[in-house]
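What follows is one structure encoded as structure tokens, with my remarks underneath.
No value in this document is a laboratory result; all are computed from the given coordinates. Here the structure is a predicted model, which is why all the values come from computation and not from measurement. Note that each Cβ is placed from the backbone with ideal geometry, even for glycine, and that neighbours are counted across all protein chains shown.
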Amino acid sequence: MNYTDALLIATKVKDQLAPHCDRIEIAGSIRRKKPEVKDIEIVAIPKPYDTGLFASGIAPVVNQWPKVKGELPCKYTQRLLPEGIKLDLFFAEPGNWGLIYAIRTGSADYSHKVLASGWVKKGYKSIGGWLHKNGKPRAVPEEQDLFKLIGIPFAQPWERNLEVEIENG
């Protein structure tokens, strides 16, 4: 799907979910402004919600879309939107927002070969969506905190491809 159409759909989805979230942003290839988009990625910190018979908050909104994987409550669910594109919805917390948002902005190669390699070199492990060192979790509330932690300059989302990193490195 082209960027413009995907952005319109992602914005509509974000607007539907936003009243049920403390924080929500579009991530992935849309945030990186790629001309072609394969799926919509959104990162959210949901307000408390219930599932099942007494579903409330974000649950009824998310559950209106057919599930591909991930049953609420969860850290990740994939849904099929009416427009025919998949929604990857990632849930974060205030303390790990920066880590999850950076990873889910991608690209996948950048997240793995630059971000993950960077935190491993600094002695961190990613466990359950949090960075840990010496057995203790480390808060990464903003993306800039992650870049600072691993000792590299902040890169704008559209600069986060492996090719850019190799050319500049």
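From its DSSP helices (H runs of at least four residues, each -39,500 (n - 2.57)), the chain gives a residue-normalised ellipticity at 222 nm of -8000 deg cm²/dmol.
Per the Cauchy relation, a quarter of the hull surface: what is the mean projected area of the convex hull of the alpha carbons in the stretch 90-147, in nm²?
Details: hull surface 14.2 nm².
About 3.5 nm², averaged over all directions.
Evaluate the relative contact order of the stretch 3-91 (contact order divided by residue number), counting alpha-carbon pairs under 8 angstrom at least 6 apart; express in whole percent. Write out the running numbers ahead of the final one.
Numbers: 152 pairs, mean separation 22.2, N = 89.
Over the stretch 3-91, the number comes to 25 percent.
Near residue 137: Cβ cut-off under 14 Å, other residues only, Lys/Arg at +1 and Asp/Glu at -1. The net charge is +2. When DSSP beta bridges are restricted to pairs lying wholly in the chain, around 75% turn out antiparallel. The charge dipole of the chain, taken about the Cα centre with unit charges on the Cβ atoms of Lys, Arg (+1) and Asp, Glu (-1), comes to about 500 debye, rounded to the nearest 20.
Normalised size of the chain, defined as Cα radius of gyration per 2.2 N^0.38 Å with N residues, equals 1.06.
In a reduced charge model with +1 at each Lys and Arg Cβ and -1 at each Asp and Glu Cβ, the stretch 105-166 shows a dipole moment near 480 debye about its Cα centre.
Each Lys or Arg adds one and each Asp or Glu takes one away; over the other residues whose Cβ falls under 15 Å from the Cβ of residue 66, this sums to 0. Taking trypsin sites (Lys or Arg not before Pro) as exposed when DSSP calls them loop and at most 16 other C-beta atoms lie within 10 angstrom, the chain has its longest site-free stretch at 123-169. With a cut-off of 16 Å on the backbone N, the residues of the stretch 1-40 near the modelled label site 7 Å out from residue 74 along Cα-Cβ are 40.
When only C-alpha pairs under 8 Å and at least 6 residues apart count, what is the relative contact order of the chain, in percent? Present the calculation step by step, with values, prior to reporting the outcome.
On the way: 275 pairs, mean separation 32.0, N = 169.
Relative contact order, the chain: 19 percent.
Between residue 122 and residue 158, the contour length at 0.36 nm per residue exceeds the Cα-Cα span by 10.5 nm.
Along its first, second and third principal axes, ordered by size, the stretch 1-94 spans 40, 27, 19 Å in Cα coordinates.
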